[in-house]
Amino acid sequence: MENNKLTLSWDKDQIKEKPKNQIFNMFMLSGLTRVYIDTQKLDLVIPEHLKKLPSIMLELGYDLQKPITDLTVSDFCFEATLSFSGEFYTCVVPWDSVIAITTVDGVGVFYNSEIAKPEQQTKTEQRTKFTLLQGGKN
């Protein structure tokens with residue numbers, strides 16, 4: 001089977017000018033993408049039990065075991081039916097709730113937020129380390 005994934009090849013100056021939806025689309029085309037979310041934003045639609053946490057990390061991709069068939073990306077948010085512990089939920093994630101977007105290889109963009117950067121969380125909460133390329137635009 002042929003591998004159709006793209007290789008990320010832009011530099012820091014290119015990425016800092018991109019809006020979150022473009023960064024998200026580029027990362028998704030390159031493979032598994034991690035999106036860190038501030039769960040306290042009002043317009044965020046996720047399962048209620050996840051809103052009790054200060055932040056969460058979603059792993060998204062086109063080659064998941066349970067494919068995301070209805071992913072919609074706009075200038076304001078992304079929407080999709082996602083699986084949490086085997087149950088499906090329709091989620092709406094506004095870009096202003098996104099605090100970081102990374103690849104599984106550690107390439108990513110952190111956006112200023114009152115929530116601690118993912119690499120500053122305790123070791124039990126930490127899911128990944130990522131390399132900060134540049135703060136980006138909303």
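Coordinate-derived values only; no laboratory data. All values derive from a computational prediction rather than experimental measurement. We place every Cβ from the backbone using ideal geometry, glycine too, and count neighbours over all the protein chains shown.
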For Val104 and Gln65, compute 0.36 nm times the residue count separating them, minus their Cα-Cα distance, and round to one decimal in nm. 12.4 nm
Neighbouring Cβ atoms within 10 Å as the yardstick, rank Thr33, Thr103 fewest first. Thr103, Thr33
